[in-house]
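Asker: One structure coming up, written as structure tokens, with questions to follow.
Readers should treat all values here as calculations from the given coordinates under stated rules, not as data from a laboratory. Please read these numbers as outputs of a predicted model, since none were measured by experiment. Heads up, the Cβs are rebuilt from the backbone with ideal geometry, glycines too, and the neighbour counts pull from every protein chain shown.
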Amino acid sequence: MPVISASHEFEVSDLFVNLQPLFGRRLFLKVEGFNFAGSIKLKAAREIVAQAEAAGVLGPGSTLVESSSGNMGVALSVLAANRGFRFLCVTDSRCNEVTRRTMESFGAEVHVVTEPHETEGFLGARIRHVKALLAADDKKVWLNQYLSPGNWMAHYRTTAPAIARQFPDLNVLFIGAGTTGTLMGCARYFRERRPSVRVIAVDSVGSVTFGRPAATRHIPGLGTSVRPPLLDESLVDAAIHVEEADTVRTCRELMRHGFLFGGSTGTAVSGALHWLDEHYGNGTGAPDQVTAVTISPDLGERYMETVYRDDWVRDSIGPEGLTAGVEYADIGSAFTAGLETISG
Ligand SMILES: Cc1ncc(COP(=O)(O)O)c(C=O)c1O
């Protein structure tokens, strides 16, 4: 039993769900939602803050400002409460109400941007808001999760080794791409230590990360409206793009089996199943000999008013998000900018 004295010290690093009984594939899900911030972003936040404290950039009395779709904001709120700095989160209207209220309960100030930037979407608008806050007050500190090396180093040091330890026979690793911190940390680790492992990025349709056109997205976590500066495409074998309707259907299928996960888990699992079906489906090889892992960044309670609510899904995503079951037969594939892309 671990005994801790600060909330960010607790982490579950070795929990995997075997999805084979649900989906018939040797696909394992690394669960990252069991910590006091409720998501994988606590790891990146811890590393980024530790580096800033060590460099003397951040300390008691400082006000940290960060742009976040929600989970990084909660993670920094947890750390701010423990470490004694103030925290101001700039988010946008896609941030779940409960996530915003959680940050405020921890003592953070939250600014919600309601209008997307013309060409750079909500992320562009959030970054502009952060820059305006910094220009008006030189005591505010922006560690910038989109640029900070701590964002990927956290996963290079913890997430990737935990996967490698558990799966010496790993063939394919599917990683959701938001800021690409998780993707880059894991991709660097496996390129260096286990180059035979194929690293596949999972993104949302409508995200510009891998050079696809921007379109409206409703589920926070994965996807961006500005290409992430941390991304090094040469470390990624392919990128898969998942429709939000597939994300919702997959989340709900997992829930029917007793697993309540956040939206991006549905995206990652859906993308992985599509890719495995395309490459190792019936008649293409030996599906049972391929071992694959993907990551669940958070749990599902924060998505009760969105992904798990029928009227929200019908209005925001469309009725196809409410179809029961997960259908993987209708995959089309294309090649864009040297990266393989699949959308269901
Ligand atoms: C729910 C969720 N999934 C996935 C991600 C993507 O992680 P990363 O920023 O490391 O790419 C995030 C990032 O905020 C997230 O909140």
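Asker: For the chain, with the dipole built from +1 on Lys and Arg beta-carbon atoms and -1 on Asp and Glu ones, taken about the Cα centre, which of P149, N171, T247 lies farthest toward the positive end?
Answerer: Toward the positive end, the furthest listed residue is P149.
Asker: Turning to a different aspect of this structure: Towards the positive end of the charge dipole of segment 7-91, with charges on Cβ (+1 Lys, Arg; -1 Asp, Glu), say which of A81, A54, S13 has the farthest Cα.
Answerer: S13
Asker: For I4 and A55 in one chain, what is 0.36 nm times their gap in residues minus the Cα-Cα distance, to one decimal in nm?
Answerer: 15.8 nm
Asker: Between R194 and D315, how high is the FRET efficiency from 1/(1 + (r/R0)^6) when r is the Cβ-Cβ distance and R₀ = 35 Å? Nearest 0.05.
Answerer: 0.20
Asker: Rounded to the nearest 0.05, what FRET efficiency do A136 and Q166 have when you use their Cβ-Cβ distance and R0 = 41 Å?
Answerer: 0.30
Asker: Which residues' amide hydrogens lie under 5 Å from the amide hydrogen of V242, considering only partners 5 or more residues apart or on another chain, with H built in the peptide plane?
Answerer: Amide H to amide H, under 5 Å and 5 or more residues apart or across chains, V242 pairs with D203, S204, V205.
Asker: I've got another one for you. Find how many whole Å separate the alpha carbon centroid of segment 224-303 from the alpha carbon centroid of segment 69-92.
Answerer: Going from one Cα centre to the other spans 27 Å.
Asker: Next question. Around S67, which amide H atoms from residues at least 5 apart in sequence, or from another chain, sit under 5 Å from its own amide H, with H modelled in the peptide plane?
Answerer: Amide H neighbours of S67, under 5 Å, 5+ apart: V90, Q145.
Asker: Still on this structure: Applying the Karplus parametrisation 6.51 cos²θ - 1.76 cosθ + 1.60 with θ = phi - 60° to the phi angles of segment 39-56, what ³J(HN,Hα) value in whole Hz is obtained for each residue in order, glycine and proline being reported as x?
Answerer: Each residue of segment 39-56 in turn: 7, 4, 5, 4, 5, 5, 4, 4, 5, 5, 5, 4, 5, 5, 5, 5, 7, x Hz.
Asker: In the neighborhood of P168, defined by Cβ-to-Cβ distances under 14 Å, what is the net charge if each Lys or Arg adds +1 and each Asp or Glu adds -1?
Answerer: With Lys, Arg at +1 and Asp, Glu at -1, the neighbours total +3.
Asker: Tabulate in residue order the Karplus-calculated ³J(HN,Hα) for segment 289-300, using 6.51 cos²θ - 1.76 cosθ + 1.60 with θ = phi - 60°, rounded to whole Hz; enter x for Gly and Pro.
Answerer: For segment 289-300, the Karplus-derived couplings read 8, 9, 9, 10, 10, 9, 10, 9, x, 7, 8, x Hz, x marking Gly and Pro.
Asker: When we measure straight from the Cα of K139, which lysines land under 22 angstrom away, once same-chain ones fewer than 8 places off are left out?
Answerer: Of all the lysines, those that pass the test against K139 - Cα under 22 Å, at least 8 places apart if same chain - are K131.
Asker: Subtracting the Cα-Cα distance from 0.36 nm times the residue separation, let me have the gained length for S105 to V12 in nm, one decimal.
Answerer: Stretched out fully, the S105 to V12 stretch lengthens by 31.1 nm.
Asker: Still on this structure, I have one more. Just how far, in whole angstrom, is segment 9-33 from segment 188-215 if you go by their alpha carbon centroids?
Answerer: About 20 Å separates the Cα centre of segment 188-215 from the one of segment 9-33.
Asker: Separate question: Using a Cα-Cα cut-off of under 17 Å, which lysines could be cross-linked to K30, ignoring same-chain neighbours fewer than 8 residues away?
Answerer: K41, K43
Asker: Output ³J(HN,Hα) for segment 251-261: one whole-Hz value per residue in order, computed from phi by the Karplus curve 6.51 cos²θ - 1.76 cosθ + 1.60 with θ = phi - 60°, and x for Gly and Pro.
Answerer: With the stated coefficients, segment 251-261 comes to 4, 6, 5, 4, 5, 4, 9, x, 10, 9, 10 Hz.
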